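Take a look at the structure set out below.
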Amino acid sequence: MSKVRLLVGTKKGAFIITSDGKRKEWKVNGPLFAGWEIYHVKGSPVEPKRIYASQTSGWFGQIIQRSDDGGKTWNTPGGGPTASPDGMPKGESNKFVYEGEIGKHLWYDGTQHPWEFKRVWHLEPSLTDPDTVYAGVEDAAIFKTTNGGKTWQELAGLRSAKGHLWQPGAGGMAVHTIILDRKNPKRIFVAISAAGAFRSDDDGKSWKPVNRGLKSQYELPDPDTEVGHCVHRIAMHPSRPDVLFMQKHWDVLRTDNGGEQWREVSGNLPTDFGFPIDVHAHEPETIYVVPIKSDSEHFPPEGKLRVYRSKSGGNEWEALTKGLPQKDCYVNVLRDAMAVDSLEPCGVYFGTTGGQVYASANSGNSWNPVVRDLPSVLSVEVQTLR
Amino acid sequence: MIRVVLPYHLRNLARVDGEVLLEMESPPTLRSVLDTIEAKYPVLRGTIRDHVTLRRRPFVRFFACKEDLSLEPPETELPEAVATGAEPFLIVGAMAGG
């Protein structure tokens, strides 16, 4: 019997929520790491019992947690009393140190500002090795571990892709999206607010901006500007790695050539501002977004929480409302807070800043709240367990 | 024996209840107490002070014998009452939650 396991990160802890393949009855376990901000929790695709979590706090900094038993128990890899050659214990699982000269990026006042590590926003386990994980961090950079999270090294080539021109948005400057390519193990995509999308074709050594076609007419009047775009999220179907979909600050876009050129597919959306975007597990042209009223008002238009689905890869969208609040709803759905399972029919999940997690067991046709009163949801991932 | 009181979240992280007891050489200093804590509980490295610069994290404070030692240099010796174990050394999460 198949099962699903939701991994929910919130502002006050993590929750693991499970159900059988029917996805009607849910068991909520948590909070784990109570009181800490859990930006992201994600399992290894090759060893689902291996789960990584980013635990962070304004007081005590960054912690990386790891479970090897599906979330029952957790440890801080490298946090035990392992003596290093100089006799000091290591405890380096939370040590994210930029490589070489730290360098500077663009600051709000136009000056250059040194990179400062703040937290891990996103953890992306390798598609082939449970000990290898990529971490997207604020201030924007990508790190990699090959020993299960004990130590992390920056892939510094990313910040060489015109990093001096990147600038924080209101939410900070972070690598919030990391996408690995199943067909080409050396290819990685990342997205950064407010710098744009970037691609590596050599396993993270070197990177190039892939933002042609993105338009931000007021902030970036030059249409050929390579970096500085506020990309909120990108998504890919694993069977078609050259096709990516993007929710930008404003605009929903797609590329059919690995980011070389993007085109807008906002179509009939009520607003094309939003944060998450995801792709149906079995239909590569079916995509989901949650339109948000504007960059000034981060809640759904008209107080109606609506997921929009396009079955044509964009441009033509339908509102999915059954089971979702259609009045007085003023929550937001953050960029890492939507996920799909790989059951049939495809399950779609998202969490809100109001603490609700919604599930659809029928590709979005109808929704049910899995849980209603969690802390503000930062991220939602789902594992399909067979 | 030095007695150290950790804030709630760091006690959970280190998986300890109550005070932490440290065997260390005299005279204890701010730096040597933190070095000893991190050696005994490596998971706390980076949570009290920066991994590289060893500077105190902004919202962590140090107190002993009703004195705020947060801004004192790392080589500052701790009060005699802390060195003898009569009083604890307090590591506190600052009231900065808004």
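A few remarks follow.
- Cross-link partners for A:Lys118 among the lysines, with Cα-Cα distance under 21 Å and sequence neighbours closer than 8 places in the same chain left out: A:Lys11, A:Lys12, A:Lys42, A:Lys90, A:Lys95, A:Lys104, A:Lys144, A:Lys150, A:Lys162.
- Chain A, relative contact order [Cα under 8 Å, separation at least 6], %: 12 percent
- Cα centroid separation, region A:124-150 to region A:168-205 (Å): 12 Å
- Restricting the calculation to alpha carbons of region A:165-318 gives Rg and Dmax of 14.7, 46 angstrom.
- Unit charges at the beta carbon, dipole of the protein assembly as shown: most positive-side option, A:Leu305, B:Thr76, B:Tyr8: A:Leu305
- Kirkwood Rh in Å, taken over all unlike Cα pairs in the protein assembly as shown: 23.4 Å
- Rg(Cα) / (2.2 N^0.38 Å) computed for region A:235-331, rounded to two decimals: 1.06
- Taken about its Cα centre, the protein assembly as shown carries a charge dipole of about 1260 debye when Lys and Arg each add +1 at the Cβ and Asp and Glu each add -1 at the Cβ.
- Rounded, prolate or oblate (a/c below 1.5 giving rounded, otherwise prolate when a/b exceeds b/c) for region A:318-363 by Cα gyration tensor: oblate
- Interchain or long-range residues, amide H under 5 Å from B:Arg49's placed H: B:Arg57
- All Cα pairs of region A:257-386, percent lying beyond 18 Å: 51 percent
- Taking amide H positions as modeled 1.01 Å from N, with prolines and chain starts lacking one, the residues under 5 Å from A:Val380 and 5 or more places away or on another chain are A:Gly9, A:Ala337, A:Met338.
- Rg and Dmax [Cα atoms of region A:139-218; Å; Rg one decimal, Dmax integer]: 13.1, 45
- For chain B, the Cα gyration tensor yields ellipsoid semi-axes of 18, 15, 14 Å (square root of five times each eigenvalue, largest first, whole Å).
- Chymotrypsin sites (Phe, Trp or Tyr not before Pro) lying in DSSP loop within region A:107-163, provided at most 11 other Cβ fall within 10 Å: A:Tyr108
Quick note: the coordinates plus some simple rules give every number you see, no bench work behind them. In this text the structure is predicted, and so the values were computed from the model without any measurement. Cβ: placed from backbone, ideal geometry, glycine included. Neighbour counts: every protein chain shown.
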